[in-house]
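One structure below.
The values are calculated or read from the model by the stated rules, or taken from the named source; none is laboratory data. Computed from a predicted model, the values in this text were never measured in an experiment. No Cβ is skipped: glycine too gets one built from the backbone with ideal geometry, and neighbour counts run over all protein chains shown. The area values use the complete protein model at the heavy-atom level, side chains included, leaving out ligands, DNA and RNA. Shrake-Rupley method; radii C 1.70, N 1.55, O 1.52, S 1.80 Å.
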Amino acid sequence: MELTAASEDLDIVPNGNPETAVECDNISRSSSSSDSDRLALIDPENMVRFKTELLAFLDDLYTPDQPWDIAVFEGYGRGMVATRDIEENELIFLDRPILLGPRLNNYDVIFCASCCRIQKKLTLCSGGCRLPVCPDCDISAAPETPHTAECRVISSWEPKDQNRYCKTILYALTSIRGFLLDNHRRSIVLNMEAHPPRKDMTTEVERIIKDQVFKNLPEDSEDVQYLRKIVNVLNTNAFETSRMVQDEDNNDHEIVLRGLYILGALMNHCCLPNIRYVFDGDLVMRCYASKPIRKGEQIFNNYSKTLWGTQHRIIHLCFSKHFLCSCDRCRDPTEMGTYLGALKCVRDSCPQGRLLSMNPLKISSMWQCDTCGLKMSNVKVTKIQEIAGRMILNNAVKKDAAYIVDYLNEHVAKFLPPCNQFTVELKLQAILKIQDDAELALLVEKDKYCREILELLRKLGYGECYVKGVLCYELFKARMTIAGLKEETFPGEGELGFLRTAWIILGCSGNRPRDLAQLAQLHDCNDV
């Protein structure tokens, strides 16, 4: 599907680990950076200098009437604040990546490391950097190509086996591009928070050292020290984005990238955010208010997944972002009445009971049934979640839509509540896989799933968020096909409302559905 749903919210959930989960209880609810580093970042003189450098970098993307500023918040450090009331769907800021490159990902196509053009067969750069490039980006194509400077840096380290492709270098390319920054931009990047990697994590730089990819890059060199700093900044702050490219047969391919968007990274986290963002065709981040924001309020992003339960969000934030969240959603065992993290009571005599954490802010907390009072340890609960997670992975990723729907109806309903995060994930996968030519019964299920998840978003108070846009588009398409099969009048005002919402939220995205603009124009919705 050409729409990746900004992939942030439609990914398969991770499996919890009861042993590592308990460790989260000992982590501070703020960042793990050292006190001296954090104090340096919020030093008033440094804040003024940082903002001046940042605005110079943003250049034409910034105008003085924009409704935000950088401020310091107790318990958060730096963050973004609304300088006036901001309306729902209002554009808050534009941001461009200061660093951009391939993600640490196993790509299913060969593409140019510089411009992402699809290659039918692997062609290595003639400069010896061991990266795949297209003819236009190869250093032999012109005195200076977009790839020349980074090839020069990589070649200076003397890559071994120069006639062979090296994925390790490709995965480190975003960090390597840090050497191409001028002093002004280096200062901005090095002024970002940079958490050191976990002990069990092998970064792209450590992989380079371990695999001895270069002859002339000693582990104790200044270049390696700088690379490590850049890696830590990226791992702490980078966003996943993507570029849609077509091969010679006009097939779409999504090249997943990661970009360091400074303004985007300055937004602090809340599991009930008040913004959404998309990346346009030029990979500019466009950040909008998903609901009204009052003057003086923080502008919050969500660093986790919208439809994960609290335990999984906490584990993710703990190990990837080094802090714990204590927002209203995290404190509420029912998660605003959505029960996304709830499990079915294991007693046969209690079919309607739901197991909920007795203290959601503490991973090692006991769980209790809200009907019969049965208590269960976190270790047992997490084991159930692990089993459910594996079942979802086995029955969602490679299965077709009909299988997923049958599995939901015949199996999942017996051991998980209808709004549990794993059930919701399967429904999301079914929504994306049920296409326009599907049987009527499947389209009816898609319609139902879309409405159910939209109701969850409403209960969470997510406003005009990205996932809502995706669901409204899919629901409009499903309703249009169902109406055609049933020979019903279409569209009604309700269906037009879904299309308007989809266009407002997704219209500026570079990865919007191919037919969205045409549909919006056909039904006079593209002027909203």
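If R0 is 51 Å, the Cβ-Cβ spacing of LYS383 and GLU240 corresponds to a FRET efficiency of close to 0.95. Using only Cα atoms, locate the centre of the stretch 428-478 and the centre of the stretch 199-276, then give the distance between them in Å, rounded to an integer. Measuring centre to centre over Cα atoms gives 31 Å.
Per residue, the convex hull around the alpha carbon atoms of the stretch 73-195 comes to 188 Å³.
About the centre of its Cα atoms, the stretch 427-505 shows a dipole size close to 340 debye [charges on the beta carbon of Lys, Arg (+1) and Asp, Glu (-1) only; nearest 20 debye]. Between the alpha-carbon centres of the stretch 481-506 and the stretch 392-423 there is a gap of 27 Å.
Take the Cβ atoms of ALA402 and GLN352, set R0 to 41 Å, and the FRET efficiency comes out at 0.90.
Once the Cα-Cα distance is subtracted from the 0.36 nm per residue extended length, the LEU104 to CYS327 segment shows a gain of 77.2 nm. Relative contact order for the chain: 18 percent, from Cα pairs under 8 Å spaced at least 6 residues apart, divided by residue count. Put simply, the convex hull of the Cα atoms in the stretch 380-425 casts, on average, a shadow of 3.0 nm².
Couplings 3J(HN,Hα) of the stretch 485-497, computed from phi: 5, 8, 6, 9, 5, 8, x, x, 5, x, 5, 5, x Hz, in residue order, whole Hz [Karplus 6.51 cos²θ - 1.76 cosθ + 1.60, θ = phi - 60°; x for Gly and Pro]. For the stretch 310-377, the residue among PHE319, CYS372, LEU340 whose Cα projects farthest onto the positive side of the dipole built from Cβ charges is PHE319. Share of carbon and sulfur in the accessible area of the chain stands at 48%, probe radius 1.4 Å. The C-alpha atoms of the stretch 237-365 occupy a region whose extents along the principal axes are 60, 46, 28 Å, arranged from largest to smallest.
Note on the chain: with charges restricted to the Cβ of Lys and Arg (+1) and Asp and Glu (-1), its dipole about the Cα centre is near 1500 debye. Across the stretch 377-433, the relative contact order, built from alpha-carbon pairs under 8 Å that are at least six residues apart, equals 38 percent.
If R0 equals 56 Å, the separation of the Cβ atoms of ASP200 and LYS486 corresponds to a calculated FRET efficiency of about 0.55. Average accessible surface for the stretch 77-208: 46 Å² per residue, computed with a 1.4 Å probe over protein heavy atoms with every protein chain in place.
Surface analysis of the stretch 457-528 yields an accessible area of 44 Å² per residue, using protein heavy atoms and a 1.4 Å probe. In the chain, a dipole from Cβ-located charges (positive for Lys and Arg, negative for Asp and Glu) runs towards its positive end, and of PRO64, VAL205, THR148 it is VAL205 whose Cα lies farthest in that direction. The stretch 89-108 and the stretch 180-195 have Cα centres lying 17 Å from one another. Here each label is just a point 7 Å from Cα along the line to Cβ, and for ASP59 and LYS295 those points are 3.3 nm apart. For the pair LYS210 and ASP524, the difference between a 0.36 nm per residue extended length and the Cα-Cα distance amounts to 107.2 nm. Working from the Cα coordinates of the stretch 202-261, the gyration tensor eigenvalues give, after taking √(5λ), semi-axes of 31, 16, 8 Å in decreasing order. The H on the amide N of PHE73, modeled in the peptide plane, is under 5 Å from the matching H of ARG78, GLY79, each at least 5 residues off or on a different chain. Taking Cα centre as origin and charging only the Cβ of basic (Lys, Arg, +1) and acidic (Asp, Glu, -1) residues, the dipole magnitude of the stretch 70-167 rounds to 680 debye. The three principal axes of the C-alpha atoms in the stretch 460-528 carry coordinate ranges of 33, 28, 19 Å, sorted with the longest axis first.
The orientation-averaged projection of the convex hull spanning the C-alpha atoms of the stretch 38-139 amounts to 11.2 square nanometres. For the stretch 390-528, the alpha-carbon coordinates run over 45, 35, 25 Å along the three principal axes, in decreasing order.
Computed from Cα atoms alone, the Kirkwood hydrodynamic radius reported for the stretch 167-221 is 12.9 Å. On a per residue basis, the stretch 296-426 carries 41 Å² of accessible surface, using protein heavy atoms and a 1.4 Å probe. Close amide H pairs (under 5 Å, H built 1.01 Å from N) link LEU99 with LEU260, residues at least 5 positions away or on another chain. An oblate overall shape is assigned to the stretch 413-474, the ratio a/c of its alpha-carbon gyration tensor axes (a ≥ b ≥ c) being 1.5 or greater and a/b not exceeding b/c. Taking θ as phi - 60° and the Karplus parameters 6.51, -1.76 and 1.60, the scalar couplings of the stretch 281-291 work out to x, 9, 6, 7, 6, 10, 9, 10, 6, 7, 7 Hz in sequence order, x denoting glycine and proline. Put simply, when 167-174, 328-335 are sorted by average Cβ atoms within 10 angstrom per residue, most first, you get 167-174, 328-335. Here the sum of -39500 (n - 2.57) over DSSP H runs of 4 or more residues, divided by the residues of the chain, equals -11000 deg cm²/dmol at 222 nm, to the nearest 500. Placing dummy labels 7 Å off each Cα toward the beta-carbon, the span from GLN119 to ASP85 is 5.6 nm.
With all protein chains in place and ligands, DNA and RNA left out, the 1.4 Å accessible area ranks ARG276, ARG294 as ARG294, ARG276, largest first.
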